[in-house]
Structure formats: structure tokens, C-alpha cells
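Worksheet: the structure to be examined is printed underneath.
Nothing in this text is a laboratory measurement; each read-out follows from the coordinates by a stated rule. Since we're looking at a predicted model, the values are computed, not measured. No Cβ is skipped: glycine too gets one built from the backbone with ideal geometry, and neighbour counts run over all protein chains shown.
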Amino acid sequence: MKSQRLTWIDYARGIAIILVVYRHVFQGIKESGINVQPYLYLEYANIFFFSFRMPLFFIVSGIFVAGSLRKAGIKKFITTRAKTILYPYFLWASIQLTLQVIFSKYTNGHPTASSYLNLLYLPREVAQFWYLYALFNVAVVYAVAKVILRIGAVQNMGIGILLFYASVLAYQYHLDLGFLADIMHYYLFFAIGDTISSFMLDRNNFRQLGSYKWFIVLCCCFALAQTYFLTTNLSHAVDKYQFVEYYQPLAFLVIAIIGCAFIINLTFILQKKMISHWLTVLGRHSLYIYVAHVIVFAAARIFLKKFMGIENVPVLLTTGIVAGLIIPILLYKLCIKLKMPWLFTLAGKTAESSPAPGAHKLTLSSPVNDLNK
């Protein structure tokens with residue numbers, strides 16, 4: 001059967017990975033001791049777009065879980081995710097920790113030999129890599145609930161709400177649950193993706209999903225919601241990125257879902273117009289960017305700051321973002337050319353044919369058929 005790639009997914013991942021890289025580059029500059037006070041608008045932008053980035057990744061992944069399980073079964077589902085998500089998590093987190101140990105004189109992070117143990121139970125201590133561990137664990141737990149326990153998507157959403165509020169309470173009472181906290185916090189968004197999957201993958205709904213009327217409505221809601229998120233967080237300087245998320249959880253859920261809905265609507269418009277195609281390239285390689293971008297932009301920042309004396313924040317930010325997005329893709333393509341795909345994945349397919357953590361093609365005769373490998 002002829003298949004059509006769901007490019008809106010690539011657009012969504014492309015937008016999300018840009019926001020992720022922006023945050024990490026800016027934080028890296030800030031933590032390196034450079035004065036960012038004259039550029040507070042850059043931090044405000046960082047907070048403004050903070051609420052929906054990770055929920056969007058989980059919702060997008062959840063959209064394909066049902067089709068994956070139907071196609072491959074739970075055993076292959078888990079095995080494939082271990083190859084495409086868990087493997088690069090352990091490999092690249094270990095590489096990053098090792099480089100931080102070797103170049104501790106120049107880096108912001110200063111891990112020790114015991115830091116490698118954090119990979120198993122405290123992934124939040126290993127910089128950005130917590131997300132991959134959380135995505136793998138959420139997907140496996142959700143698959144078991146769906147297939148073994150036969151819990152439906154709507155029921156899983158109910159469980160997700162309870163888990164989300166439990167994670168919020170644990171945060172408020174300073175209970176360190178390790179990797180379990182991330183499973184609890186993001187299970188809901190994965191369930192939301194599964195719940196809306198049939199609607200999202202039905203080509204008959206694409207026009208509605210890319211409606212300009214909805215764009216205007218969502219754009220206004222997005223601006224209002226993110227402004228509230230920004231101003232409320234800024235009024236709590238100690239926790240200015242996460243106050244709303246953990247002390248106003250209902251407001252956070254509304255804000256995050258509005259943000260995800262706006263981005264999804266935007267991506268359907270981009271898919272319809274087929275513009276800004278470079279975003280889809282970033283989206284197809286988002287996992288590879290995610291695992292390598294911190295190493296790349298940290299090297300760029302150290303070179304510019306230590307060896308060229310450049311401490312201009314906009315210059316460092318722009319250079320770090322561009323390098324963090326482009327160089328990991330070039331590195332991945334070089335590994336493919338050198339027949340070394342194992343440096344990024346054990347799945348045996350390239351990003352162009354099967355982007356990790358999942359591919360997304362739509363069989364024209366079966367709108368909800370998922371080929372999320």
C-alpha cells in the first residue's frame with residue numbers, strides 16, 4: 001500500500017527540539033558564570049516556552065502506541081524501544097559523564113565515578129538524559145497496563161491524573177522518588193496521546209486540525225496561558241521555572257495542553273503548506289540531536305569563551321543553538337556512512353526510514369494504522 005509520511009509529527013518534534021536546545025544552551029551559559037542580567041528577555045523567553053515542551057514529546061509518542069502494539073506485540077514493542085531509546089540513553093549519558101570527568105576544568109558539571117550509578121535510579125542527576133529514561137519507562141508501563149491488564153486509554157488517563165497529582169505532592173513534600181517521579185509525572189500525557197490517536201491519525205480530520213480559525217483561537221489562548229505561566233513563575237524567584245507546574249498543577253495541565261494543541265495545529269498548517277521543511281529534518285533527527293547537543297554546544301561555548309574571549313550572550317546562544325542542532329545530525333550521517341549506526345541506535349534503520357523513538361507513516365487505506373517501529 002502507498003504510504004504518506006505524517007510530516008506534522010516531524011514539524012512538532014522539530015519545534016520541540018529547538019526549544020529544548022534553546023533552554024539547555026541558555027542554562028549552560030548562565031551556569032558558566034557569564035552575566036545574563038542584561039539579557040533577561042532571553043530568560044523570559046526560556047520560561048515562556050517551558051511548559052509544553054516535554055508534554056508534547058510524550059503526547060506525540062503516545063499517539064502511536066496502540067498501532068505499535070497491534071503490529072508488533074508487547075514483547076517486540078519493548079525490545080524495539082530498548083534498542084532505540086534505552087540503549088542511546090546509557091551510551092550517550094556515559095559518554096557525556098566521561099567527557100565531563102576528563103574536562104572538568106572547563107565544564108559546568110563535575111561528576112564523579114559514582115555518578116554513573118545515577119543512570120539507574122536518579123536520571124535527573126545526568127543532565128538532559130532523564131527524558132529518555134522516562135520515555136522508555138512510561139512506554140513500557142503503559143504497554144503492560146494496556147495489553148496485560150487490559151486498561152483502556154480513557155482509564156489510563158484517569159490513572160495518569162492520579163499519578164500526576166501524586167508526583168506533585170511528592171515534590172511539595174520533598175520526597176525523592178528517583179526515576180519513578182518522572183513516570184508518574186508524564187504518564188498522563190502519554191495516555192492523552194493514545195486517547196486522541198484515532199482522531200489525530202484519521203486523514204479526514206486533517207483539514208480541521210489545520211484550521212486557520214482554530215489557529216487564531218489557539219494563538220490567543222496560547223499567548224494568554226504562557227504569559228500567565230511566565231509572570232506567575234517570575235513572581236516566585238526560588239522556583240521560577242516550576243512553581244506553576246508543582247504548586248498550581250491544574251493550571252499547569254491547562255497551560256501545557258493549550259501549548260501542545262497550539263503547536264499541533266501549527267504543525268498541521270505547516271504540513272498543509274509544506275513550508276519550513278528544515279523543521280522536519282530536525283524532527284526526524286530529534287533523538288540524535290537530544291543525546292549529543294549538550295556535548296556539542298558545551299564544546300562550542302568553552303572554545304569561544306576560554307580560547308577566544310567571547311562572552312557576549314547572544315553570540316554564545318546563537319552559536320550554541322546552531323551547533324547543537326546541526327552537528328549531531330552531521331555526526332549521525334557520518335556514522336551511517338561509516339557503517340557505525342550503533343553509536344546512536346541498535347534498531348538497524350536510518351532516521352530517514354524510521355526516526356527514533358518512532359516512525360510515523362500513514363497507510364492511505366487505513367488512517368489509524370501505525371508503523372511506529
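A few points about this structure:
- Relative to the compact-globule estimate of 2.2 N^0.38 Å, the Cα radius of gyration of the chain comes out at 0.96.
- Compactness relative to 2.2 N^0.38 Å, alpha carbon Rg of the stretch 162-218: 1.65
- Net length available on complete extension from PHE103 to TYR41 is 19.2 nm, with 0.36 nm assigned per residue and the Cα-Cα distance removed.
- Remark: the LEU330-TYR173 segment gains 52.1 nm on full extension, using 0.36 nm per residue and subtracting the alpha carbon distance.
- Relative contact order, percent, the stretch 3-363 [alpha-carbon distance under 8 Å, six or more residues apart]: 32
- Each of LYS213 and LYS273 was given a label point 7 Å from its Cα along the Cα-to-Cβ line. The distance between the two points is 2.0 nm.
- Percent of Cα pairs exceeding the 12 Å cut-off, where the set is the stretch 107-157: 69
- Over 25 Å (Cα to Cα) - which of LYS71/LYS337; LYS71/LYS146; LYS30/LYS83 fall in this group: LYS71/LYS337; LYS30/LYS83
- Exposed loop sites, defined as GluC sites (Glu not before Pro) outside DSSP H, G, I, E and B with at most 16 other Cβ atoms within 10 Å, are absent from the longest region of the chain, namely 1-310.
- Size descriptors for the stretch 210-318: radius of gyration and Dmax over Cα atoms are 18.3, 51 Å.
- Structural descriptor for the stretch 166-270: relative contact order 32 percent, calculated from alpha carbon pairs under 8 angstrom and at least 6 residues apart.
- On full extension, the segment bounded by VAL147 and LYS339 gains 65.5 nm, given 0.36 nm per residue less the C-alpha separation.
- Loop-located trypsin sites (Lys or Arg not before Pro) across the stretch 83-146 with a Cβ neighbour count of 12 or fewer within 10 Å are LYS105, with loop assigned by DSSP.
- Farthest toward positive dipole pole in the chain [+1 Lys/Arg, -1 Asp/Glu at C-beta], among ALA251, ALA45, ILE63: ILE63
- Kyte-Doolittle mean at least 0.5 and Cα axial length at least 15 Å: DSSP H helices in the chain: 7-31, 53-63, 87-102, 130-143, 153-172, 179-201, 212-234, 249-273, 286-302, 313-337
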